[in-house]
Amino acid sequence: MSHNDPTDNALAAIASILDSPPVIPRERARSAEEEWPASPPPLDPPPIEEAPSYAMPPPLEEASLAAPPPLEDPASHAVPPPLDVPAPQESPPPLVSEPPLEVQPPLEAHGYSKIGPGPMAAIRFKWTVREEQGDYYVDETIGENSTPMVLGPMNRDAAIKMVDDREADARRRFEQLKSEMIGRAAAANLVRKDSGEA
């Protein structure tokens, strides 16, 4: 390497500057001391401001700073096989107890009676059961003061059934007769209207 290498000269100059302290002329040093006193005057400390009242979070617990627990093997949490528990059986519906049928006392046959239909009492049928020495008879009358037609002797049940049957038959014949009369009246009105218009 040659002694006239400019890089070497630059490095040597830098090294000499760093090794020796700078030389400041005295006049310049005095003017600097006058401008800048040796110790600066004490500064007033800045006023202390009250710190804002912020809620501080609670300190972290040591457990949260610790390393997380190791992962467990999922096979250790396998669901155990179900126990042989019998399935709950449906309970049978509660038995609804029907209210006991009221036992009707047997009809008193003697005096049992029914009245047939009709607009006037003078032409209505009436059937009445009467008992004589253990036998039963049915008295059939028309109106209030007619002589009864006596049917019998028969047993108690037959006498009651005869009264019911005679009353049902009379009601059926009365309804049939009534509908026939209404039909005849309607036909007569129709004839009158036709003859009046002619």
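Within the bounds of segment 139-149, is there any residue that is part of a strand (DSSP E or B), touching a residue at least 24 places away in the same chain (Cβ under 8 Å), within 24 Å of GLY111 (Cβ to Cβ) and among the hydroxyl-bearing types (Ser, Thr, Tyr)? Looking through segment 139-149, none of the residues is part of a strand (DSSP E or B), touching a residue at least 24 places away in the same chain (Cβ under 8 Å), within 24 Å of GLY111 (Cβ to Cβ) and among the hydroxyl-bearing types (Ser, Thr, Tyr). Counting only residues that are under 60 Å from the mean Cα position of the chain (by Cα), of a type in the set (A, V, I, L, M) and buried (at least 17 other Cβ atoms within 10 Å of the Cβ), how many does segment 105-137 have? Matching residues across segment 105-137 total 1.
The numbered conditions (1) exposed (fewer than 12 other Cβ atoms within 10 Å of the Cβ); (2) of a type outside the set (S, T, N, Q); (3) modelled with pLDDT of 90 or more are all true for ALA188 except (3). Return the residue satisfying two criteria in turn: it lies in segment 97-136 and is of a type in the set (Ser, Thr, Tyr) and part of a loop (DSSP other than H, G, I, E, B), and of such residues it is modelled with the highest pLDDT. Looking at residues that are of a type in the set (Ser, Thr, Tyr) and part of a loop (DSSP other than H, G, I, E, B), I get TYR112.
For segment 168-198, name all the residues that are among the β-branched types (Val, Ile, Thr) and under 26 Å from GLY116 (Cβ atoms). Give the steps one after another, and end with the answer.
Start the filter on segment 168-198 by keeping residues that are among the β-branched types (Val, Ile, Thr), which leaves 182, 191.
If the condition is that a residue be among the β-branched types (Val, Ile, Thr) and under 26 Å from GLY116 (Cβ atoms), then ILE182 is the only one that fits.
The values are calculated or read from the model by the stated rules, or taken from the named source; none is laboratory data. Since this is a predicted model, take the numbers as computed values, not measurements. Quick reminder, even Gly has a Cβ in these numbers, built from the backbone with ideal geometry, and neighbours come from all protein chains shown.
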